[in-house]
Amino acid sequence: MNPIFPLMAFAIGIVVPLQAAINNQLKLLIGGSTVLAALVSFAVGCLTLCVVALATGQKWSGFGQLARGEWWMFLGGALGAFFVFGTTLLAPRIGVAVMLSLIIAGQVTASLLFDRFGWLSMPLRDVTAPRLMGALLVVGGVLLVNFGDKWFPKG
């Protein structure tokens, strides 16, 4: 595996709470609308991707194939919008650490299922005992982030 890939994944993890905090400030700036803040965020993201596509010489002719796509292939943008909207809504209400711990638990759970069953043509990967143990440790971390102060009070 290219060593840059794990570093990139870690960097993406760092960016998620930053994105939620930035979008929350944007929401406050534009009058408190979570939907409009997510819309601005997506518009800036779309423009960024257009610039990167132009700068890297992407073949725009591939867009001609979109008419052959299945309906569900276009849900990625809607799911991304749900993510941006949801994190912008939840971060100030439940806190960034609680929100992200639950998001990560959901990601690990869904990822193991995708690996195990190969959904949407993803490569099959064994769900081994160490991987399951890792998922349980994530769940344990989620419980500690969410309830640790109640279970282990300071005083």
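Summary of computed values
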| read-out | value |
| --- | --- |
| Boolean, residue 48 is in contact with a helix residue (DSSP H, G or I) (Cβ under 6 Å, 6 or more places away or on another chain) and either surrounded by 10 or more Cβ atoms within 10 Å (Cβ to Cβ) or of a type in the set (A, V, I, L, M) (or both) | no |
| Residue match in segment 26-39 (condition: part of a helix (DSSP H, G or I) and within 16 Å of the chain's Cα centre (by Cα)) | yes |
| Which listed residue is β-branched (Val, Ile, Thr) and either assigned by TED's automatic domain parsing to the domain that holds residue 33 or over 30 Å from residue 35 (Cβ atoms) (or both), from 109, 88 | 88 |
| Whichever residue in segment 99-148 is loosely packed, with under 15 Cβ neighbours inside 10 Å and polar (S, T, N, Q) and, among such residues, is nearest to residue 89 (Cα to Cα) | 107 |
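The values are calculated or read from the model by the stated rules, or taken from the named source; none is laboratory data. Remember, predicted model here, so these are calculated numbers, not experimental data. Virtual Cβ from ideal backbone geometry, glycine too; neighbours counted across all protein chains shown.
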